[in-house]
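Presented below is the structure to which this report refers.
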Amino acid sequence: MKDLLRTQDLSRADVELLLDTAADFAKNPLRSNTALANKTVAIYMTKPSTRTRLSSESAVAHLGGTPIFIRGDELQLGRGETIADTARIISGYCSALIIRTFAQSDVDELGANASIPVINALTDDDHPTQLLADWLTIREQFGKDISGRKFVYLGDGNNMSHSWLIMGAIMGAHVVAATPTGAWAPDPDVVKIAQEIAKNSGGKVEVLHEAESAAKDASVLYTDVWMSMGDSESEREEKVLALSPFAVTENLMSLTQKDSVFMHCLPAHRGEEVEASVIDGTKSVIWREAFHRRTTIQSLLYHLINGDLQGSKH
Ligand code: CP
Ligand code: NVA
């Protein structure tokens, strides 16, 4: 496996290896501090980022390398140079490329034309690196035996809901996305892929359209912003109305398991997708989750560059 373009590229063995190494990096951040010595990693983003950018830059530095951050408007790509040519050029200078942008097809094209590892740092469809941090946080909370547990995402059927379902399926988990029907439900093609993966992994994938039944006896309630980067402001009012029943409230948390936790990829909007008392309360693990963005990206870079991941075809 050369790239991480989509969550579904990962096998369960890959995820287990990545999480084991990330857990090591959490304890000993400088364990492999010459892996990228005298090397560079390009980080190209056409959307804003706090966590992914800073954790990626820190991860490269912890591996002994130098990150080169490039904003969307800074490359000749914006003036008509092709994605394929850009991929070849970056491959000549850097050891990996981390990219955040809109179209998944652009990331796929970069991966196909670059000879170095390309990592998807969020597209409109997927956010694989976030899910590595999420699953390390889940493993820290509940251990490796997750049988009988239910992991529930509530809100927009967006990139995060897709990654949640696919990663849960890979891990053999019972995963749920509770979303409105219609425009803000997850992409049915993604749901189909998740269900296919779950058939082999022993997982269970459900898409529900009611929050209370989804939350009942859950181990995790997870949510994301209601307005994603690139969403049209003209749809805000209608979207907020449709998503309001899926807000994570204290009442919803009270339906979950005793040892349940609240998770959020961040950034958060308190009073919209989550009540302040939940995200700032005792069940919230958002800071540990955010911390693991660095440990998991460090692990991902380390193993991709070493060629240690087997990948999975879905
Ligand atoms: N969770 C996440 O990807 O955050 P940023 O947009 O700040 O990178
Ligand atoms: N769904 C959000 C995730 C941010 C990390 C977005 O795409 O903006």
* When the Cα centres of segment 132-159 and segment 56-80 are compared, how far apart do they sit, in Å? -> 30
* Asked: Could you state the principal axis extents of the C-alpha atoms in segment 213-314, from the largest down, to the nearest angstrom?
  -> 46, 40, 27
* At a 1.4 Å probe radius, carbon and sulfur cover how many percent of the accessible area of the chain? -> 50
* Structure fact -> log10 I(q)/I(0) for the chain, Debye formula on C-alpha points only (no solvent), q = 0.14 Å⁻¹, two decimals, reads -1.05
* **Cα-only radius of gyration and Dmax that characterise segment 150-305, units Å** => 15.3, 46
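Can you list which of the trypsin sites (Lys or Arg not before Pro) found in segment 247-314 are DSSP loop residues with at most 15 other C-beta atoms within 10 Å?
Passing sites in segment 247-314 are LYS258, LYS313.
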* Structure fact -> The alpha-carbon center of segment 104-118 and that of segment 225-250 are separated, in whole Å, by 31
* **Fraction of antiparallel bridges per DSSP, segment 105-242 only, in percent to nearest 5** => 0
* How large are Rg and Dmax for segment 1-158 when only the alpha carbon atoms are used, in Å? -> 16.4, 53
* What is the helix-to-structure angle for 128-142, meaning the angle in degrees between its Cα long axis and the longest Cα principal axis of the chain, kept from 0 to 90 and rounded to the nearest 10? -> 50
* To do: Per DSSP H run of n ≥ 4, the term is -39500 (n - 2.57); total these for the chain, divide by its residue number, and report the mean residue ellipticity at 222 nm rounded to 500 deg cm²/dmol.
  => -12500 deg cm²/dmol
* Heavy-atom accessible area per residue - the chain, 1.4 Å, Å² -> 41
* Asked: segment 112-215: which trypsin sites (Lys or Arg not before Pro) are DSSP loop and have at most 11 other beta-carbon atoms within 10 angstrom?
  -> LYS144
* Inter-centroid distance (Cα atoms) of segment 292-309 relative to segment 199-220, Å -> 29
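The values are calculated or read from the model by the stated rules, or taken from the named source; none is laboratory data. Everything numeric here is computed off the predicted structure, so don't read it as measured data. Don't worry about glycine lacking a Cβ; one is built from the backbone with ideal geometry, like all the others, and counts go over all protein chains shown. Protein only, heavy atoms only, side chains kept; ligands, DNA and RNA dropped before computing areas. Shrake-Rupley method; radii C 1.70, N 1.55, O 1.52, S 1.80 Å.
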